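*Asks:* Provided herewith is a single structure, encoded as structure tokens, for subsequent inquiry.
The values are calculated or read from the model by the stated rules, or taken from the named source; none is laboratory data. Every value quoted in this text rests on a predicted model; they were computed, and no experiment measured them. Glycine gets a Cβ as well: all are built from the backbone with ideal geometry, and neighbour counts include every protein chain shown.
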Amino acid sequence: MAPRVTDEPMTEQTPVTHASAKIVPQLPDMQTVTEVKHFTDRLFSFRVTRPASLRFRSGEFVMIGLMGDEDPATGKRKPIMRAYSIASPSWDEELEFYSIKVQDGPLTSKLQHIQPGDGLILRPKPVGTLVHDALLPGKRLWFFATGTGFAPFASLLREPQTYEDYDEIVITHTCRELGELTYGRDLIEGLKTDELLNEVIGEGFWKKIKYYPTTTREDSPKMGRITDLMRSGEAFTDLGVPPLSPETDRAMICGNLAFNLELKEMLESYGLNEGANSNPQQYVVEKAFLD
Ligand code: A2P
């Protein structure tokens, strides 16, 4: 699971970044925003420079944040930090993140206004369980996401090892509305022309992917929660694959808390066990960031 949020105090001399001001990064942990894309009034993605020393495994997360407002009592500012999955793959020269916008959220109320050139605090200590190392070898890999829980899978889908290790990758993404599927859909479509993957894995690698997007609150070609669609068997019929089995199937879960718990229980009922970095098994789970 994602770690608890840390609010580390900083000194009064610490240079401060405003989302609206173009300030050259001066803190050791400060990176520069290079690109921002807004998808809906609730979702956006952004890219930042990558610290030269940062090494991570596709699927891991880091703490990122911005300076908070001045405390009226002390006059000091503290960084507001949250755990964010890195959505870019381990080989990318920049870092990408995919975020929700919460109007009164401590961080995302500010973060949604960032612009290229702004600073972003990034603690370069990647961790997480949605990594290939935490799973035993298998034939079919399932990614189960809701909302911004797609982020770690955006990283893993651009990671060559995903296609080296598995014959088939099934991506399920349940969102409230159609617009919330855009980031994932565009990313998957982009894989067809991904030069690195085509070169390293071979042309047509993307045919290993089965994409199963569903919506719950707006009409779309496939409606319903993935959990219900699996329970009824409809998802397996649509996908043309059998229900999950511990012999062949591996899974990664990243969504809201209720989703994670429900899916965990379902996977256990199929006979899959939860793994960790220190004890690879058949599935792993991580909470998607919520402000
Ligand atoms: P629903 O609209 O039926 O609540 P959110 O934006 O609230 O995090 O939800 C993202 C998506 O996850 C929504 O489509 C939501 O469906 C779905 N969802 C929420 N809880 C569960 C759950 N326990 N199992 C499956 N899907 C869920």
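*Asks:* If I go through segment 210-249 residue by residue, how many of them are away from the ligand (no atom under 14 Å from the Cβ) and within 17 Å of G149 (Cβ to Cβ)?
*Replies:* Matching residues across segment 210-249 total 1.
*Asks:* Exactly one condition in (1) at pLDDT 95 or above; (2) away from the ligand (no atom under 16 Å from the Cβ); (3) basic (K, R) is not met by K207; state its number.
*Replies:* (1)
*Asks:* Taking segment 250-271 as the search range and keeping residues that are more than 13 Å from the ligand (Cβ to nearest atom) and charged (D, E, K, R), which one is surrounded by the fewest Cβ atoms within 10 Å (Cβ to Cβ)?
*Replies:* Out of the qualifying residues, it is E268.
*Asks:* Would you be able to say whether some residue in segment 156-179 is in a helix (DSSP H, G or I), of a type outside the set (D, E) and within 16 Å of the ligand (Cβ to nearest atom)? Spell out how you get there, then give the answer.
*Replies:* Taking segment 156-179 as the starting set, the residues that turn out to be in a helix (DSSP H, G or I) are 156, 160-165, 178-179.
Keeping just the survivors that are of a type outside the set (D, E) gives 156, 160-163, 178-179.
Adding the requirement that they be within 16 Å of the ligand (Cβ to nearest atom) leaves 178-179.
Looking through segment 156-179, at least one residue is in a helix (DSSP H, G or I), of a type outside the set (D, E) and within 16 Å of the ligand (Cβ to nearest atom).
*Asks:* Output the qualifying pairs, or none if there are none: Cβ atoms under 6 angstrom, residues six or more apart or on different chains, first residue in segment 279-290 and modelled with pLDDT under 90, second residue surrounded by fewer than 23 Cβ atoms within 10 Å (Cβ to Cβ) and part of a loop (DSSP other than H, G, I, E, B).
*Replies:* K287/M1; K287/A2
*Asks:* Do the conditions hold for A87, that is, is it closer than 23 Å to K37 by Cα, of a type in the set (A, V, I, L, M), within 17 Å of the chain's Cα centre (by Cα) and in a loop (DSSP other than H, G, I, E, B)? Explain how you work it out, then say what you get.
*Replies:* Working: closer than 23 Å to K37 by Cα: yes; of a type in the set (A, V, I, L, M): yes; within 17 Å of the chain's Cα centre (by Cα): yes; in a loop (DSSP other than H, G, I, E, B): yes.
For A87, the condition - closer than 23 Å to K37 by Cα, of a type in the set (A, V, I, L, M), within 17 Å of the chain's Cα centre (by Cα) and in a loop (DSSP other than H, G, I, E, B) - is met.
Yes/no per residue for (1) in a strand (DSSP E or B); (2) buried (at least 22 other Cβ atoms within 10 Å of the Cβ); (3) among the small types (G, A, S):
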| position | (1), (2), (3) |
| --- | --- |
| P51 | no, no, no |
| F56 | no, no, no |
| W91 | no, no, no |
| H113 | no, no, no |
| L130 | no, yes, no |
| F144 | yes, yes, no |
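*Asks:* Got a number for residues in segment 192-249 being of a type in the set (G, A, S) and loosely packed, with under 12 Cβ neighbours inside 10 Å?
*Replies:* Our first condition is that a residue be of a type in the set (G, A, S); within segment 192-249, this holds for 202, 204, 220, 224, 232-233, 235, 240, 245.
Still in the running and loosely packed, with under 12 Cβ neighbours inside 10 Å: 202, 204, 232-233, 240.
Total satisfying the criteria: 5.
*Asks:* If you don't mind, there's one more thing I want to ask. Inside segment 132-142, can you point out the residues that are assigned to a strand (DSSP E or B) and aliphatic (A, V, I, L, M)? Let's see the steps before the verdict.
*Replies:* First pass over segment 132-142, keeping only residues assigned to a strand (DSSP E or B): 135, 140-142.
Once the filter is applied, which keeps residues that are assigned to a strand (DSSP E or B) and aliphatic (A, V, I, L, M), segment 132-142 yields L135, L141.
*Asks:* How many residues does segment 91-118 contain that are closer than 29 Å to L196 by Cβ, among the small types (G, A, S) and more than 16 Å from the chain's Cα centre (by Cα)?
*Replies:* The number of residues fulfilling the criteria is 1.
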